[in-house]
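Only the coordinates and a few stated rules stand behind these numbers; no lab work does. On a predicted model such as this, the values are computed, not experimentally measured, just so you know. Counting neighbours? That spans all protein chains shown, and the Cβs are built from the backbone with ideal geometry, glycine included.
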Amino acid sequence: MNTLRKIEEKFNTNIKILYDEPMSEHTTFKVGGKAEAFIKPESVEVLGQLVSFLQTEKQRFFILGGGSNLVVSDDGIDGAVICTRSMNKIELLQEVQGTLLLRCAAGALMDDVAAFCEANSISGLETFSGLPGTIGGAVYMNARCYECSISDVLQSVRFFNISTGKIETYSFNTSDWAYKKSPFQNGESIILEATLKCKKGSAAEIKAQNAHFVEDRKSKGHFKFPSAGSVFKNNHDFGSPSGKIIDQAGLRGFSIGGAQVAPWHGNFIINTGNATAKDIHDLVLYITEKVRQQTGFELEPEIIFTGRGFDS
Ligand SMILES: Cc1cc2nc3c(=O)[nH]c(=O)nc-3n(C[C@H](O)[C@H](O)[C@H](O)COP(=O)(O)OP(=O)(O)OC[C@H]3O[C@@H](n4cnc5c(N)ncnc54)[C@H](O)[C@@H]3O)c2cc1C
C-alpha cells in the first residue's frame, strides 16, 4: 500500500485526508495541480506525530498556511501537504510592563487576529489588517505591511524542529531578521505559534485603523483578481520600488496566457481567469529578463514556486 494511504490506517479517526486534492482551491492565485495527500491536523500533537511518521517513511511534505504567497506547479506536488489552518487559537496572555502578549496558533488567519484585537481593545497589529494568510505564513515570510514587519512585533515562536522531532521555543533576536527574511526559511522548522507584542488601545480607534488598512488595500485593487500580492521584493539599491521599475519597463498590462501584470500595479501579477502556474512562472521570467536588460537590476521574486518541476 502507498505510504500516504497508510496514514489514515495509522492515525485512525484522528486525521482527515483528502487524496489528489487540487491545490488551486487552497491558493489565492487559484492555480496548481493536485497534492497526493492533503491533511489538516487539528492539534500540535497530531502534527508532530504525522511529521515523524512521514519522515520515517521518507515521504516529502509541504507546510501550507493560507496559500497567499504561493504558486503550486500545474503538475501538482509530491507527497503530503500539511495545512495548519485548523490550528487557529488566539489568546491574550499576561501583561508585562505595559506590553500585552498575544499568542496566535500558526493557522490563525490575520483577519481573525485583527478581529480578536478589535474585540479585546488590543493595539499594535493594525497595519496587518487585511493581510491574506495565516500568522504562521506571516512569520515565515516576515510579512511587511505599511512599513511594519512581523519582526517588529514578535516576542517568541514555538516551533517543531524537523531534524530533532522536538518542540522548541525561539526568542526574538533582531540579528536573525531582515526585510522579508526570517530564521524559519531554512526548511527545518514548522511554526506552531507566535507570541506578539501589543498594547492596550481604544476599541474604536483600532476598529477605524483596521478598516482604514483594509480599505486602502481594496482601493489599490488587491482583491480584484486572484493573485499572491507583490511578486518581487523591493530593493533600496534600485532607488525605486520594484513596481515602478516594472511600470517604467512598459510591462503594465502585459500578459502571458491567463497571467497578466495588473494594469493598475506593476508589482502584481493577476490570474485573469484561466492562468496556469506555467503562465505565471513564464511571466515572472519575462519581467525579470526585461528589467535586467533595461536597467541591469536583478529582481528577486517574493512569491514562492513549489511542486513538481519547480522544486530543486
Ligand atoms: C492580495 C494580497 C496582498 C498581499 N499583501 C502583502 C503585504 O502587504 N505584505 C506582505 O508581506 N505580503 C503580502 N502578501 C503575501 C502573503 O499574504 C504573505 O506572504 C502571507 O504572510 C503568507 O501567509 P500564508 O499563510 O498565506 O503563507 P503560504 O502562502 O501558505 O506559505 C508561504 C510560505 O510559508 C511557509 N509556511 C506557512 N506556514 C508555515 C508554518 N506554520 N511553518 C513553517 N512554514 C510555513 C510555506 O511552506 C511557504 O513556504 C499579499 C498577498 C495577497 C494575495
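Please enumerate, by chain and number, the lysines with C-alpha under 18 Å from the C-alpha of Lys16, excluding those fewer than 8 residues away in the same chain. Straight-distance partners of Lys16: Lys6, Lys34, Lys40. Amide H to amide H, with H built 1.01 Å from N, Glu302 comes under 5 Å of Phe232, Lys233, counting only residues 5 or more places away or on other chains. Computed over neighbours whose Cβ is under 12 Å from that of Lys207, the net charge equals -3, Lys and Arg +1, Asp and Glu -1. Cα-based values for segment 90-219, radius of gyration first and Dmax second, are 14.4, 46 Å. This ranking places Cys117, Cys145, Cys198 by how few other beta-carbon atoms lie within 10 Å of each, fewest first, which gives Cys145, Cys198, Cys117. Annotation: amide H-H contacts under 5 Å for Ile269 (H modelled 1.01 Å from N, sequence separation of 5 or more, or interchain): Ala228, Val231, Ala262.
Among the GluC sites (Glu not before Pro) within segment 97-199, those in coil by DSSP and having at most 13 neighbouring Cβ atoms inside 10 Å are Glu147, Glu188.
Relative to its residue count, the chain spans a Cα convex hull of 138 Å³ per residue. Hydrophobic, long helices, defined as DSSP H runs whose alpha-carbon span along the helix axis is 15 Å or greater and whose mean Kyte-Doolittle value is at least 0.5, occur in the chain at 44-56. For Met141, Met87, what ranking results if the residue with the fewest other Cβ atoms within 10 Å of its Cβ goes first? Result, fewest neighbours first: Met87, Met141. One Cα centroid belongs to segment 176-232, the other to segment 53-132; the line between them spans 11 Å. Residues Ser182, Ser240, Ser189 in ascending order of nearby Cβ atoms (within 10 Å, fewest first): Ser240, Ser189, Ser182.
Near Phe61, the amide H atoms lying under 5 Å from its own belong to Ala80; only residues 5 or more places off or on other chains count, and H is placed 1.01 Å from N.
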